[in-house]
Amino acid sequence: MSVKENLFKRIGKAIGRFFKKHWIDLTVLACVIPPIVLLFDYIYDKFRFAKKIKIFYDQFIVNQGYERLLEGLKNTALIAVVGLMIGIVIGTVIAVIRVIRPTNRVIKYAHNIVGAYVALFRGTPIVVQLLVGYFLLLPIMKVQMDPVAACITIFGLNSGAYISEIMRGGINSVDPGQLEAARAVGMPYSTSMLKIVVPQAIKNILPTLGNEFIALVKETAVVGYVGAVDITTTFQYLASNSYEYMVPYLVMAIIYMVIVAVIAALVKLMERMLAKSERRQ
Amino acid sequence: MKEGSNKKIGEPIISVRGLTKTYGKLDVLRGIDEDIREGEQVAIIGPSGSGKSTFLRCLNCMEDPTSGSIIFEGVDIADRRVNINTHREHIGMVFQQFNLFNNKKVIDNITLAPIYVGKRNLRRAKLKNALRTIANLFRKNKKELIPITKTKKEIVLEARERAMELLRRIGLEEKATVYPSTLSGGQKQRIAIVRALAMNPKVILFDEPTSALDPEMVGEVLDLMRALANEGMTMVIVTHEMGFAREAADRILFIDEGQIKEQGTPAEVFDNPKNPRLQEFLSKVL
Ligand SMILES: Nc1ncnc2c1ncn2[C@@H]1O[C@H](COP(=O)(O)OP(=O)(O)OP(=O)(O)O)[C@@H](O)[C@H]1O
Ligand SMILES: [Mg+2]
C-alpha cells in the first residue's frame, strides 16, 4: 500500500518537475504548432501535393526509378569512400614529404612538386577538375575510362590535396621525440614515419577526417557533369521525366541530409570512443 | 678505474676527431677530440647550454656534425654517404623524456626495432642469395650462398622472448601488454633503457635520464644503470646527478662553451679541479 502510494507520489513529483523545467518550451511549442499545421495545409492545397506525390510514386515505384536510385546511391558511396581512401594515401605521402627539413636539393624539388600539386587541386573547382580530366586529359592520353572510375580518381586526387594539409597538422602535433626515438634505434625515416608518427597523427585528426568525408559526400553531387549516375542525377532524371520537380528534389535533399547526419553521428561516436580510450590509458 | 671492480677497459669504440657543430651563427661545439673506450662509463657534466646534449647527439649523428669525424667501429659515420641506420642499431639512446612509442604496447616498444632489423637482414640475405644463384650459373668457381637460419616467425618469437626476459629483469613483465601512458615515469625510463638493450648495443648514450623524474623514482633508474655499468656496458651519460657521476663513472668530461675544458677520473675532477670554470661550476652544483 505504502509502496504504491510512494510510487504515485514520485511520478507526480517527476511530472511537476518536468513542467517546471520545460514550461517555456511547452508554451513555445503550443504557439508554434498550430500555425505550422495551417501553413502545411495551405501549401498542400495550393501546390496540389497529393497529385504530385502520386506522380512521383509512379515514377519511383511503378517505373522502377528506385533501381536507378540504388545505383546512384552505390556510385555516390563508391566515389566518396574510395576517393577518401585514395585521398588519405596521397595526403599522407605528401604530408610526410612536406615535413622533411629541406637539407638537400632533391628534397627541395620534391617540396616544389607536391606544393604545386596541392596548389593545383586546391586552386580550382572540383567541377573544373572533372571536366578537364574527363574530356581533355583522358582523350589526350587515349584512355577509355568509365565515368564513375574517372570520378573516383579525380575525387581521390582532389581530396589528397586537402587531406595532406590536415595530415601535416596531425604530424606536427605528434611529439618530435617519437620520431627521434624511432630514428635512434636505427629505423629509416620512412619506416619511422609510417610505423610511429603517422598512426599517432591519424588518431589526432580522425574527427577532422570525418568532416572531410562529409564534405566529400556533398561534393560528389557534381559527378553528373561527366555522365556518372549518382543520387543527384537520379532525381534530375525522375524530375525531368515527369516535368514535376518539387517532390523529387525535396526527397533528394532529405536523402543527402540523412546521409550526412548518419556520418556526423558516426564521427561523434568515434570521437567519444577515442576520448574514452585516452582516459583509460 | 674503480677499485674493487675487475673490469677491463678496451679499445676505443667511438673516436671523435675535430668535431664542431654550428646552428646558423651559433657555435655550439668548437673542436672536440675524444675517445670512448669499450667497457667504460663516461659522465658528461657542464653548465646549461654548454653543448652537452649536442655532443651526445652527434655521437650517433642525431645531429649532423658541421665538421670533424665520428669513427664508430672503424667507419666515419659523420660521412653523409654511409648508411647511418645500420650503425645506429648498435648505439642505444635513452632520452630525458623517455620517448616510448605511444601507439605501441610495452612489449612492442621493445621488439619493434629487433624485428625490423631481423626481417630486413633476412630480406637482404634472400635477395643476395637470389642474385648469387643467378650469377653462379655463369661462374666456374661457385660462390657460396649466405646461410639462412631463421624464418620470419622465429625472428618475431625470439625478439618477444628476449623482450620478456628483459622485462623480467626489471620486474615489469606484467606490464608487457599495456600502453606506455599507464606507466609511471620511472617505469617508462627503465623500459626505455631495456628497449635500447634489446638491440644488444655496443654503447648506450643517456641524455639526462633522470631529469624528468619525480625524486622518488630517480633511484630505480640509477640502480638499473649501475647494474649495466657493472656488467661492463659502455655508457656515455649526460647528467646533473653529481653523486651518481662520481660513484658510477670511470671518467668525467667537463664541457663548457662547446669544448671539453677538463677531464679525468671522478677523484681528479671533483676533488682537485684545475679549470677555473669547472671550479665555479662545482661550487654551484655540489
Ligand atoms: N636545433 C637547434 N637549433 C638552434 N640552436 C640549438 C639547437 N639545439 C641546441 N641549440 C643551442 O645550442 C646550445 C647548446 O645546446 P645543448 O642542448 O647542447 O646544451 P646542454 O649543454 O645540453 O644544456 P642543458 O643542460 O640545458 O640540457 C644552446 O644554446 C641551444 O640553444
Ligand atoms: Mg641537454
>> Every residue in the range A:122-177 that is within 14 Å of chain B (Cβ to nearest Cβ), part of a helix (DSSP H, G or I) and within 25 Å of the chain's Cα centre (by Cα), please.
In response: A:170, A:171
>> Could you check the range B:164-196 and list, in sequence order, the residues that are within 11 Å of another protein chain (Cβ to nearest Cβ) and crowded, with 22+ Cβ neighbours inside 10 Å?
In response: B:192, B:195, B:196
>> Residues to consider are B:32, B:44; find the one that is under 28 Å from residue A:189 (Cβ atoms), more than 14 Å from chain A (Cβ to nearest Cβ) and away from ligand 2 (no atom under 15 Å from the Cβ).
In response: B:32
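When residues of the range B:229-267 are filtered for being within 14 Å of another protein chain (Cβ to nearest Cβ) and more than 14 Å from ligand 1 (Cβ to nearest atom), how many remain?
Residues meeting the conditions: 0.
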> What is the residue count in the range B:75-112 for residues that are facing chain A (nearest Cβ under 10 Å), touching a Ser or Thr at 6+ places or on another chain (Cβ under 7 Å) and among the aliphatic types (A, V, I, L, M)?
Replying inline: 0
> Can you name every residue in the range B:255-286 that is over 18 Å from residue B:49 (Cβ atoms) and part of a loop (DSSP other than H, G, I, E, B)?
Replying inline: B:265, B:272, B:273, B:274, B:286
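Going by the conditions given, is residue B:239 free of Cβ contacts under 8 Å to residues at least 40 places away in the same chain, within 28 Å of residue B:286 (Cβ to Cβ), of a type in the set (Ser, Thr, Tyr) and surrounded by 13 or more Cβ atoms within 10 Å (Cβ to Cβ)?
Taking the combined requirement at face value, the residue does not satisfy it.
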>> So residue B:25 ticks every box in (1) within 14 Å of chain A (Cβ to nearest Cβ); (2) out of contact with any strand residue (DSSP E or B) (no Cβ under 7 Å at 6 or more places or on another chain); (3) away from ligand 2 (no atom under 16 Å from the Cβ) but one. Which box is left unticked?
In response: (1)
>> Checking residue B:141 against (1) within 24 Å of residue B:117 (Cα to Cα); (2) part of a loop (DSSP other than H, G, I, E, B), only one condition comes out false. Which one?
In response: (1)
>> I'd like to verify a number: residues in the range A:23-48 that are among the basic types (Lys, Arg) and surrounded by 10 or more Cβ atoms within 10 Å (Cβ to Cβ), how many?
In response: 1
> Among the residues of the range A:178-228, which ones are surrounded by fewer than 20 Cβ atoms within 10 Å (Cβ to Cβ) and outside any helix (DSSP H, G or I)?
Replying inline: A:188, A:227
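Coordinate-derived values only; no laboratory data. Quantities reported herein were computed from a predicted structural model and do not represent experimental measurements. Here the Cβ is made from the backbone with ideal geometry for all residues, glycine too, and neighbour counts use every protein chain on show.
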